Amino acid sequence: MDDAQAFEQFKQCTVKVLGVSPEQVTMEASFAEDLDADSLDIVELVMELEDSFGIKVEESELEGVNTVGAAYELVKGKLA
Amino acid sequence: MGVRRGQVGSLVSETKRTVLVTGGVTGIGEATTRLLLEQGHRVAATYHRRRAQKELTDFGEDFFEVHCELTESESVAAAVAAVNERFGPVEVLVANAGVTEDTLLLRMSEQAWNRVIDANLTGAFRLTKAVMPQMIRARWGRLIYVTSVIAGMGAPGQANYAASKAGLIGFARSVAREVATRNVTANVVAPGAVTTALTEVVSEKRMAEMTAAVPMGRIATPAEIAGPIAFLASEAAGYITGAVLTVDGGISMGF
């Protein structure tokens, strides 16, 4: 999977779980400020990403992950 | 003149829901399973040793019994998966199954303590974890935990049981706060003494003492607990969350 495909898949998950428009899902977007996501939204998004990409994200890895870019980097780092 | 549906509690239309009742073939669980079936829901009941009687199996397609060891996460996950396959996502959980191992604290082994906490409290944790993603996705869910007035009153010989049941209240209320925005409620029903297998082992003298302490002067039938559980599962209870509903003939007033 190339970078563009992976981000597209990431974007689809985010749109589905957070109910935002695709244009809002930019690397700089903050989950809390720009996407209006609360802590439970983030957990739901993580579960969706785990299912979609077939990865496992540990609780400790989520610390400091506040933006789409940071979350995407976390997911990308787990793709073989 | 038309009263709009949904305007008044009793007129809110009931959707057919998928319910999971643990320990759903005996005692309070059996009465709950039966009432919810009568109300037209699909009910999956977990059993441990005893299987369902004819009164439940007669409901046919809407009834399903599945074995479950609440002390094993894999068994809980497998039971929920079996319900999903048969009925679809669980919408109402009635965490009812419970065990006792009564003895005075001085004689209580750490194993007896752990076994009761594991089944009653950690079992509820395992169940909730297994059904919660489905409820959150559906933006509708009812988590109902059956505790006991002993949670608040304490009882000699039941330190492990009381601790497990009191733990359920804090657990339910924390969960209630976590998922409230997703239209998932978590409530607790706290029965007093009820005529079930758990009270059959209580001595006659102790039973007479317990009855004497109840303002209503009698012990509840399982059906009298099932009614309030079914209410909390209903559309009419949609704005109730984090509540402890005592159903005890008045024994614990003020708890």
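Give the distance, in whole Å, between the Cα centre of segment A:1-65 and the Cα centre of segment B:180-248. Spelled out, the Cα-based centre of one part sits 42 Å from the other.
Taking 7 Å steps out from each Cα toward its Cβ at A:LYS16 and B:GLN111 produces label points 4.8 nm apart.
Quick check: convex hull over the Cα atoms of the protein assembly as shown, volume per residue in Å³, rounded to an integer? Provide the component values of the computation, followed by the final result.
On the way: hull volume 63.0 nm³, N = 335.
Measuring per residue, one finds 188 Å³ for the Cα hull of the protein assembly as shown.
Between A:ALA32 and A:LYS76, the modelled labels are 2.4 nm apart [label points 7 Å from Cα along Cα→Cβ].
Normalise the Cα radius of gyration of chain A by 2.2 N^0.38 Å (N = residues in it) and let me know the number.
On the way: Rg = 11.3 Å, N = 80, 2.2 N^0.38 = 11.6 Å.
That works out to 0.97 for chain A.
For segment B:116-189, the fraction of C-alpha pairs farther apart than 21 angstrom is 27 percent. Note that segment B:218-228 has calculated 3J(HN,Hα) couplings of 7, 8, 6, 8, x, 4, 6, 8, 4, x, x Hz, one per residue in order, obtained from phi through the Karplus relation 6.51 cos²θ - 1.76 cosθ + 1.60 (θ = phi - 60°); glycine and proline are x. Between the beta carbons of B:LYS129 and B:MET216, assuming R0 = 45 Å, the FRET efficiency works out to 0.75 to the nearest 0.05.
So what's segment B:145-255 giving for Cα Rg divided by 2.2 N^0.38 Å, two decimals? Let's see the in-between values first.
Details: Rg = 14.7 Å, N = 111, 2.2 N^0.38 = 13.2 Å.
Rg over 2.2 N^0.38 Å, computed on Cα atoms: 1.12.
Given the convex hull over the Cα atoms of segment B:76-127, what projected area results after averaging over all orientations, in nm²?
On the way: hull surface 16.5 nm².
Answer in nm², one decimal: 4.1.
Whenever you get a sec, compute what percent of the accessible area on chain B sits on carbon and sulfur atoms (1.4 Å probe).
That fraction is 54 percent.
Looking at chain B, the pairs of alpha carbons with a distance over 33 Å make up 16% of the total.
Convex hull of alpha carbon positions in segment B:10-70: directionally averaged projected area 4.4 nm².
Of the Cα atoms belonging to segment B:7-128, the radius of gyration and Dmax stand at 16.0, 56 Å.
Over both sides of the B-A contact, add up the buried accessible area with a 1.4 Å probe and give it to the nearest 100 Å².
Working: alone 12690 and 4850 Å², together 17020 Å².
Summing both sides, the interface buries roughly 500 Å².
Listed by chain and number, the lysines placed with their C-alpha closer than 28 angstrom to that of A:LYS78 are A:LYS11, A:LYS16, A:LYS56, B:LYS129; residues fewer than eight positions away on the same chain are left out.
The values are calculated or read from the model by the stated rules, or taken from the named source; none is laboratory data. Everything numeric here is computed off the predicted structure, so don't read it as measured data. All Cβ positions, glycine included, derive from the backbone under ideal geometry; neighbour counts span all protein chains shown. To get the accessible areas, we keep the full protein, side chains included, count just its heavy atoms, and leave off ligands, DNA and RNA. Shrake-Rupley method; radii C 1.70, N 1.55, O 1.52, S 1.80 Å.
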